Structures are given as C-alpha cells and as structure tokens.
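Novice: The structure under discussion is supplied below as structure tokens; questions concerning it will follow.
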Amino acid sequence: MGKSRLEAFSDGVIAIIITIMVLELHVPHGASLAALEPVLPTLLAYALSFVYVGIYWNNHHHLFQAVRTISGGVLWLNLHLLFWLSLLPFVTAWMGENDFTTVPVAAYGAVLFMCAVSYAILEHRLARLNGGGRSLALAIGADYKGWVSLTMYAAGIGLGFVNAWLGLAVYVAVALIWFIPDRRLEKVFASGAGRTEETP
C-alpha cells in the first residue's frame, strides 16, 4: 500500500490544526502595547502549541521518509495520532483563555501525553513492518528520548494540578528537547544502513 495519500492527508489535517489555533487569536482592542496584555496568555499558548505541532509534523515527515509501504493498521494508527493532535486547538484555547489555571494546564499535558503515546505506537508499528525494514528499527533503537518525554509529560500533568506554571515549564522543557528534529533516521541512512527494503 502506498503512503502518498496518508502523507498528503496528514499534512492537510496538520495545516487545518494550525489554522484553527490561529483563528483563536483575537485582535487587541487598542493600538498600544498595553492592549496586548489581555490576549497575551492566548498568544503564549498558541506559540507553544505551534511549536509542538511543528515538531510532530517534522518528525512525522522524517518517519515516513523511512518507509515505502504501509498497511491498513498504519492508516488507523496515523488517524489515532491525528485525533489527539486535533484536540490541541481546544486545550490550547482553554488554557490561554483561563490564564493558565491548573485544570486546563493539566488537560493540555494529558493531550500532549496522548500525542506522544500515539506517535510512539505508530513509529514502532512501522518499524515492525517489512516496508519499514530493519533500518527503521535500528534508527529508533530503545527510544530513550521518547520514554523520557512520556515521563516528563506525566510529571507535568501532576505538577499542573499543584502549580500550573510548574506543569507548563515541564511542557516547555519537552518542546526544547524535541525542537531540533530527531536525527536518528538521518544518521542511519547517511551511514548506508538506511536503504529501505521492499515488501516481498
């Protein structure tokens, strides 16, 4: 099964997610810097979510460069990832419009956690497919970065209920960890081990 339609659909959904988020930004009532103050929380929440969506788009692109064919199961797992990503505009707006209070910040972390879980499932499923080949499994390895991120998200959710800013700081830290695209695939392919095998 070819992957081109999956990639095109995913790109379209991610573009719509960003569009929905930016539409939540309201024009300030006034021309002074002070007029920005009421919309600043929403703007900051949008900026963080934009970075996260960008991270997922970037890594999704790298991941699917490593495979030639996919399966019906991969289609559903990709939709699972897109479902959780599509909730980002909702929790972003909820968090920003409520000035980063505890419950919205914890809910934001829960969505980020599920985005990471769904991406990890998709990644490991592709690694098991013939289309992914041994090179993809080699590139993913033990995925320490992924496990650390999941642990930090869980900690951020808990901290979010105690102090919203502590939880938010954890989410920002995870974003910084992933801001530089995951280069595991590039390193393996550059070494010559990354020739993707065809499905027999």
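Per-residue answers, yes or no, for (1) at pLDDT 85 or above; (2) open to solvent by less than 50 Å² (accessible area, probe 1.4 Å); (3) of a type outside the set (Ser, Thr, Tyr); (4) closer than 15 Å to Leu48 by Cβ:
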{"residue": "Cys115", "(1), (2), (3), (4)": "yes, yes, yes, yes"}
{"residue": "Glu123", "(1), (2), (3), (4)": "yes, yes, yes, no"}
{"residue": "Arg128", "(1), (2), (3), (4)": "no, no, yes, no"}
{"residue": "Leu150", "(1), (2), (3), (4)": "yes, yes, yes, no"}
{"residue": "Leu168", "(1), (2), (3), (4)": "yes, yes, yes, yes"}
{"residue": "Ala173", "(1), (2), (3), (4)": "yes, yes, yes, yes"}
{"residue": "Thr199", "(1), (2), (3), (4)": "no, no, no, no"}
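Novice: Also, I was wondering about something else. Could you count how many residues in region 59-71 are open to solvent by less than 30 Å² (accessible area, probe 1.4 Å), within 15 Å of Leu81 (Cα to Cα) and at pLDDT below 90?
Specialist: As a first pass, look at region 59-71 and keep what is open to solvent by less than 30 Å² (accessible area, probe 1.4 Å): 59-60, 63-64, 66-67, 70-71.
Then drop every residue that is not within 15 Å of Leu81 (Cα to Cα), which leaves 59-60, 63-64.
Narrowing the set further to residues that are at pLDDT below 90 leaves 59, 63-64.
The qualifying residues number 3.
Novice: Restricting to region 1-30, name every residue that is closer than 18 Å to Trp84 by Cβ and of a type in the set (A, V, I, L, M, F, W, C).
Specialist: Residues satisfying the conditions are Leu6, Phe9, Val13, Ile14, Ala15, Ile16, Ile17, Ile18, Ile20, Met21.
Novice: Could you tell me which residue of region 80-96 is farthest from Val39 (Cα to Cα), considering only residues that are open to solvent by 20 Å² or more (accessible area, probe 1.4 Å) and without any contact (Cβ under 8 Å) to a residue 60 or more places away in the chain? Before you say what the answer is, go through the steps one by one.
Specialist: Within region 80-96, the subset open to solvent by 20 Å² or more (accessible area, probe 1.4 Å) is 80, 83-84, 86-87, 90, 94.
Pick out the ones that are also without any contact (Cβ under 8 Å) to a residue 60 or more places away in the chain and you get 80, 83-84, 87, 90, 94.
Values: His80: 32, Phe83: 27, Trp84: 25, Leu87: 21, Phe90: 16, Trp94: 13 Å.
Among those that are open to solvent by 20 Å² or more (accessible area, probe 1.4 Å) and without any contact (Cβ under 8 Å) to a residue 60 or more places away in the chain, it is His80.
Novice: Quick check on region 175-196: of everything there that is over 30 Å from Pro41 (Cβ atoms) and open to solvent by 60 Å² or more (accessible area, probe 1.4 Å), which residue is modelled with the lowest pLDDT?
Specialist: Arg195
Novice: Inside region 2-58, can you point out the residues that are surrounded by 11 or more Cβ atoms within 10 Å (Cβ to Cβ), among the small types (Gly, Ala, Ser) and not in a helix (DSSP H, G or I)?
Specialist: Gly30
Novice: Any idea which of (1) more than 25 Å from Val162 (Cα to Cα); (2) in contact with a helix residue (DSSP H, G or I) (Cβ under 6 Å, 6 or more places away or on another chain); (3) among the hydroxyl-bearing types (Ser, Thr, Tyr) is the one Ser71 doesn't satisfy?
Specialist: With (1) more than 25 Å from Val162 (Cα to Cα); (2) in contact with a helix residue (DSSP H, G or I) (Cβ under 6 Å, 6 or more places away or on another chain); (3) among the hydroxyl-bearing types (Ser, Thr, Tyr) applied to Ser71, the lone miss is (2).
The values are calculated or read from the model by the stated rules, or taken from the named source; none is laboratory data. These numbers come from a predicted model, not from an experiment. Using ideal geometry, Cβ is built from the backbone for each residue, glycine included, and neighbour counts are taken over all protein chains shown. Areas reflect the complete protein model, heavy atoms only, side chains present, ligands, DNA and RNA absent. Shrake-Rupley method; radii C 1.70, N 1.55, O 1.52, S 1.80 Å.
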